[in-house]
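Asker: Below is one structure. I have some questions about it.
The values are calculated or read from the model by the stated rules, or taken from the named source; none is laboratory data. Keep in mind that what you see is a predicted model, and the values were worked out from it rather than measured. Here Cβ is always computed from backbone atoms with ideal geometry, including for glycine, and neighbour counts include all displayed protein chains.
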Amino acid sequence: MASPSTLPDAAIARRLAGVKTILLVLSGKGGVGKSSVSSQLALSLSSSAGGAARVGLLDIDLTGPSIPRMLGLDGSPVHQSSDGWVPVYADREQRLAVMSVGFLLRSRNDSVVWRGPKKNAMIKQFLGDVRWGELDYLIVDTPPGTSDEHISLVEYLAPFSPVSLMVTTPQALSLADNLRSLDFTRKVSLPLLGVIENMSGYVCPHCTECTNVWGRGGGEALAQREGLAFLGRIPIDPGLVRVLDDAKEEAQVTVAQELGVEKVSLEDITKPLPDADADADAATATASVAKASTASTTTPAGTRLSRTILQRYTASQTFPIFQEITQRVVEQLAKVRETQREAKEQREATQ
């Protein structure tokens, strides 16, 4: 909900009117698995086990967009409707909507060489032109550090009371860099729900024993020292690393069997699927995709690869771990909202 002291951009206000919570995923250092955490949080919230929330995932890591590949959506087109851009859905039920600059590139290997003003314009377009609809959560995967993108994002979203969480690894260097992100949230008055410690140990694929290869407890110690909530730790799970590759093989086998051929290409499993049953006939599928830009009921609902990835992820050892983290995120969000409500009542009482 917009703050009375800040007037939102009209286009952004229209698009975000149906979004209940905006959550920024931050990290002061690259390579800590921030995009992985953003994706897993979106998957966990949108799954039936997580209450089946409607979730949007916005990738504003403009120079390194990785969300499309993580979710098996590489090459998916962004449809332009009369009411704006239609996000790319990852699942059959259309509970997980995704937008990334990766969808707009001719090739996933193309580099994005933009200066600050063009990056800021792209962020504003993502917020003001994408038809997000009704969402319980809009998760924003941000670039590492505290750059122009972060400043612009906070300015655009300030009227909508966004919150954030911070991702770190146990190493001292990552913890030191994240102190800068923490300082950023305090300077811009961005509520921080807590800290997630990623890559905390290594789970053996044979005996499931967890070995602390790069240490353990650094994120928790940082949270305690700074008076923050510790949301949990995520070990390195080789099974999770294999999800994407195994999902490709499984999806290719499934599609080949359906088509009665020996082998299919990657393109065959990354074609957008209609929101009807996956085994709908080709004519129905073609008609559904053709109407995607004008009717939400026929908007493509994921790809064969993305649906397979979602199924494999929920069966991984990491999924129940992240379900617990997600529950803590939701609990901390409730506390922050209650604090904000009490502060608002106090302000109104003194006026």
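Asker: Filtering segment 51-66 down to residues that are in contact with a strand residue (DSSP E or B) (Cβ under 7 Å, 6 or more places away or on another chain) and within 15 Å of M122 (Cβ to Cβ), which residue is surrounded by the most Cβ atoms within 10 Å (Cβ to Cβ)?
Answerer: D59
Asker: Also: Suppose we keep only residues that are part of a strand (DSSP E or B) and closer than 28 Å to R242 by Cβ within segment 65-116. Which one would you say is nearest to the chain's Cα centre (by Cα)?
Answerer: Only one residue tops the list, namely V98.
Asker: Determine whether L138 is modelled with pLDDT of 90 or more, out of contact with any helix residue (DSSP H, G or I) (no Cβ under 7 Å at 6 or more places or on another chain) and under 22 Å from R95 (Cα atoms).
Answerer: yes
Asker: Can I ask one more? Could you figure out which of (1) in contact with an Asp or Glu (Cβ under 8 Å, 6 or more places away or on another chain); (2) surrounded by 23 or more Cβ atoms within 10 Å (Cβ to Cβ) isn't true of S76?
Answerer: So the condition that S76 fails would be (1).
Asker: Still on this model: Does segment 206-264 hold any residues that are outside any helix (DSSP H, G or I) and in contact with a helix residue (DSSP H, G or I) (Cβ under 8 Å, 6 or more places away or on another chain), and which are they?
Answerer: Of everything in segment 206-264, those that are outside any helix (DSSP H, G or I) and in contact with a helix residue (DSSP H, G or I) (Cβ under 8 Å, 6 or more places away or on another chain) turn out to be L228, A229, F230, L231, G232, R233, I234, P235, D237, E262, K263, V264.
Asker: From Q94, Q125, grab the single residue that is on the phi > 0 side of the Ramachandran plot, touching a strand residue (DSSP E or B) at 6+ places or on another chain (Cβ under 9 Å) and surrounded by fewer than 20 Cβ atoms within 10 Å (Cβ to Cβ).
Answerer: Q94
Asker: Inside segment 15-36, can you point out the residues that are in contact with a Gly (Cβ under 8 Å, 6 or more places away or on another chain), farther than 16 Å from R54 by Cα and surrounded by fewer than 18 Cβ atoms within 10 Å (Cβ to Cβ)?
Answerer: G30
Asker: How about segment 323-341: which of its residues are in contact with a Gly (Cβ under 8 Å, 6 or more places away or on another chain) and surrounded by 15 or more Cβ atoms within 10 Å (Cβ to Cβ)?
Answerer: Q323, I325, T326, R328, V329, Q332, listed by residue number.
Asker: Moving on to the next point. Give the residue, chosen from K263, K271, that is in contact with a strand residue (DSSP E or B) (Cβ under 9 Å, 6 or more places away or on another chain), surrounded by fewer than 20 Cβ atoms within 10 Å (Cβ to Cβ) and more than 12 Å from I309 (Cα to Cα).
Answerer: None of the others qualify; the one that does is K271.
Asker: Could I ask something else about it? Can you find a residue that is part of a helix (DSSP H, G or I), crowded, with 18+ Cβ neighbours inside 10 Å and touching a Pro at 6+ places or on another chain (Cβ under 9 Å) anywhere in segment 161-178?
Answerer: Yes; the residues of segment 161-178 include at least one that is part of a helix (DSSP H, G or I), crowded, with 18+ Cβ neighbours inside 10 Å and touching a Pro at 6+ places or on another chain (Cβ under 9 Å).
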